[in-house]
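Since the structure comes first, as structure tokens, the remarks are kept for the end.
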Amino acid sequence: MADPVQASSSPSGPPGRPGDNVSRALGLFSAALGVPQVVAPGRVARLIGLKDDGRTRFWMRAVGVRELAAATGILTRRRPTGWVWSRVAGDTMDLALLRAGLGRKAVRPTRTVIATGAVLGVTAADAAESVRLTRREAVQTPSASTASQDGKAAGPMHARAAITVRRPRKEVYAFWHDFENMPQFMAHVESVQITGIRRSHWVATAPAGRRVEWDAEMTADEEAKLIAWRSLEGADVENSGTVRFLKAPGDQGTEIQLELHYAMPGGALGAAVAKLFGEEPSQQVRDDLRRFKQVMETGEVVLSDGSPEGTLAIRLARQRPAHPLESEPIGTKGGPS
Amino acid sequence: MRANVWSGRNTVQVENVPDPKIMNSRDAIVRITSTAICGSDLHLYDGYIPTMKRGDILGHEFMGEVVEVGKGVGSLTVGDRVVVPFPIACGSCNQCRRGLFSVCENSNPNARIAEKLMGHSTAGIFGYSHMLGGYAGGQAEYARVPFADVGPIKIESGLADEQVLFLSDIFPTGYMGAEMCDIKPGDVVAVWGAGPVAQFAIASAYLLGAERVIAIDRFEYRLQMAREKGGAETINYAETNVLEALREMTGGRGPDACIDAVGMEAHHHNPGLHAYDRVKQATRLETDRGHALRQAVIACRPGGTLSIIGVYGGLMDKFPIGALMNKGLTVRTGQCHVHRYLRPLLQRIEQGEIDPSFVVTHRLSLDDAPTGYETFKHKRDDCVKVVLKP
């Protein structure tokens, strides 16, 4: 699976995945339709059997401009999903206009009916492609990490991030190795309890205030190098994670690469809703790593008046004013405060 | 407590807000005795810095008395008199260890917002937008100071507030502007702007061995301060062609180093050219007006240094990159790494090499902050620097 971030390194190049030529074809189709609609609206109207008057020409031009906008969006954007969806909306508008035209001023109704059938076909293609793109985006969440790793994925969502911490590898590894430290820096993890040599019990919050629990097992453990874990059967949210510790150049400490896989509650729709609230998985992982760095380097999660819980995805969208809180500070959960 | 809060473009008001509390173990609470309005506060006032919220307490130049310390602060005790640097820095990340305190990696809880705009986050700053941390500022009776074991410097001599207050920002900022010029004997340094930071850049350029310093502004009273207090030669750009004047004054060479102490709200003497950038800025086609910076690039001696300490927020257009590249200029810039200048500059003040209080023209109570902003913004009443007393 190609890394979407790396794929973007040639922004002008063609989209790098099989299947994307459907989007491309739809974009070209938009362009091919838009140009005559704008340049010669009367002729197009006559072609599809509509009465060639001022009103028809006005609407034909408007539709043409819309098509050209869609074409530009689809052909130039690296992720044209929104623009392909806009074609579905446009098709619906076209069907409504054709229906109105058929009722009032179709000069040659047969042609108009044929045109309507054609639009219906295109609508189906647009909808199918839109759904495909949306699904793909939900599955491949972009991240700013370095290398793509196809780990033992436990769920369809995955997110990666990397950060450098000015601490020796052994110390960083040791802190992470004690899973009970997780709630100090993982914003959504409420508690972790060690239940056996390699086993632990996790409680976390999920979108919409839900609470999820699972048992996890450490699946790999290499001193000062790597820790991997995955949820056991019966988990509310199936998930797995791998963290790698690499020596940073010079005396800069340790580079940490974190990779998480999980089944998003609510699937692709749940992911889309979470994204709306700023809870994009890759963002969460980066925030968690930032908090981890703060804990390792400064002793605790750094708080401000605007972000009294510290770095938190949801706070980025909804800051409170930068003046002191009325109540006692919220503080870091479980942190050494 | 009383605090000066931002409440939309061109509006600040003094309101009652809750007292600050210790939030992190390395916090201190400071009772503010003096606080100042900075030129960069005007960028917030004018609405050019994104991510401000109504109710944000402004102010990043302040000093006072420690009234409470978190249990992680060993270096300060209640009763200490301190000046607080405007960037918030943890002291333990790789950037802080390099002495680059204003790009601390840990002090901005909202780093993500800054990353969207700049690729990386920089340090949190008191009272300077949510993108830079969402910290309450120091134009108030009290302030919470994070990493109080790293930032604040104790003032143990009997110096007056106004002599040490500007260690918080404008004196080190001006000093760093001059230091980045890598001044050698015989160097001529030109400074765009004659505001408070520029006044300290002028003084610092001389402290660092400049042969001559030339200040450029359009307000005669500020140029007069640059001449009389700083010993600079001056050019009033509203009356004189700056590029011609600089060429004449430097035997055709151009200044060896050029300091931009103006930033994103520069003016141009030609109303048409000024309007060009003003309109683009107002319609958000660019965020930064670049007249001063563009002129500095054109004026600078080939192989010379361009030192940018005026604040910029985002994007500028028509930047003369061709002149910059072909003349082989060295560009140095950054928010001031105040922490590393505190001790050496306090020493210079204690030894009488400089008395920073010369820039103060207005002394107001905190409650008069809104008047202070208006006076400072419109340069009424020969205003150079406003100090507020809570």
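Within segment B:129-151, can you find the residues that are at the interface with chain A (Cβ under 9 Å from one of its Cβ atoms) and not polar (S, T, N, Q)?
Within segment B:129-151, B:His130, B:Gly133, B:Gly134, B:Tyr135, B:Ala136, B:Gly137, B:Ala140, B:Tyr142, B:Arg144, B:Pro146, B:Phe147 qualify.
Here are the criteria: (1) within 18 Å of A:Ala127 (Cβ to Cβ); (2) touching a Lys or Arg at 6+ places or on another chain (Cβ under 7 Å). Tell me which single one A:Ile48 does not satisfy.
(1)
Given (1) at the interface with another protein chain (Cβ under 9 Å from one of its Cβ atoms); (2) over 28 Å from B:Tyr373 (Cα atoms), identify the lone condition not met by B:Glu15.
That leaves (2) as the condition not met.
Please go through (1) more than 16 Å from B:Thr35 (Cα to Cα); (2) at the interface with another protein chain (Cβ under 10 Å from one of its Cβ atoms); (3) not small (Gly, Ala, Ser) for B:Phe101 and return the number of the only condition it doesn't satisfy.
B:Phe101 satisfies all of (1) more than 16 Å from B:Thr35 (Cα to Cα); (2) at the interface with another protein chain (Cβ under 10 Å from one of its Cβ atoms); (3) not small (Gly, Ala, Ser) except (2).
Output the number of residues of segment B:77-97 satisfying the condition of being of a type in the set (Val, Ile, Thr), more than 13 Å from chain A (Cβ to nearest Cβ), over 14 Å from B:Tyr341 (Cα atoms) and in contact (Cβ under 8 Å) with a residue 12 or more places away in the chain.
Summing the residues that are of a type in the set (Val, Ile, Thr), more than 13 Å from chain A (Cβ to nearest Cβ), over 14 Å from B:Tyr341 (Cα atoms) and in contact (Cβ under 8 Å) with a residue 12 or more places away in the chain in segment B:77-97 gives 2.
Restricting segment A:143-191 to residues that are in contact with a helix residue (DSSP H, G or I) (Cβ under 6 Å, 6 or more places away or on another chain) and aromatic (Phe, Trp, Tyr), which is modelled with the highest pLDDT?
A:Phe175
Kindly state which strands (runs of 3 or more DSSP E) lie completely within segment A:209-266 and contain at least 3 residues that are within 19 Å of A:Ala187 (Cβ to Cβ).
In segment A:209-266, A:210-222, A:239-247, A:254-262 are the strands (runs of 3 or more DSSP E) which contain 3 or more residues that are within 19 Å of A:Ala187 (Cβ to Cβ).
Between a residue in segment A:101-128 that is without any contact (Cβ under 8 Å) to a residue 24 or more places away in the chain and any residue that is not aliphatic (A, V, I, L, M), which pairs come within a Cβ distance under 7 Å, given they are 6 or more apart or on different chains?
Taking only residues 6 or more apart or on different chains, the pairs are A:Leu102/A:Pro109; A:Leu102/A:Thr112.
Taking segment A:163-180, which residues are more than 14 Å from chain B (Cβ to nearest Cβ) and hydroxyl-bearing (Ser, Thr, Tyr)?
Selection gives A:Tyr173 alone.
Under 6 Å by Cβ, and 6 or more places apart or on different chains, what pairs join a residue from segment A:312-334 that is crowded, with 19+ Cβ neighbours inside 10 Å with one that is at pLDDT below 75 and assigned to a loop (DSSP other than H, G, I, E, B)?
These pairs meet every condition: A:Ala313/A:Gly278; A:Ala313/A:Glu279; A:Leu316/A:Gly278.
Being within 12 Å of chain A (Cβ to nearest Cβ), farther than 24 Å from B:Arg9 by Cβ and outside any strand (DSSP E or B) is the filter here, so list the residues in segment B:22-76 that pass it.
Residues satisfying the conditions are B:Ile22, B:Met23, B:Asn24, B:Ser25, B:Arg26, B:Asp27, B:Gly70, B:Lys71, B:Gly72, B:Val73.
Tell me, please, whether a residue that is more than 22 Å from B:Thr371 (Cβ to Cβ) and surrounded by fewer than 24 Cβ atoms within 10 Å (Cβ to Cβ) can be found in segment B:34-48.
No.
Of all residues in segment B:140-158, which are within 18 Å of B:Ile57 (Cβ to Cβ) and β-branched (Val, Ile, Thr)?
B:Val145
Against the definition (hydroxyl-bearing (Ser, Thr, Tyr) and either touching a Gly at 6+ places or on another chain (Cβ under 8 Å) or not in a loop (DSSP other than H, G, I, E, B) (or both)), how does B:Ser129 come out, yes or no?
No.
The values are calculated or read from the model by the stated rules, or taken from the named source; none is laboratory data. This structure is a prediction, so every number in the text was calculated from the model and none was measured. Heads up, the Cβs are rebuilt from the backbone with ideal geometry, glycines too, and the neighbour counts pull from every protein chain shown.
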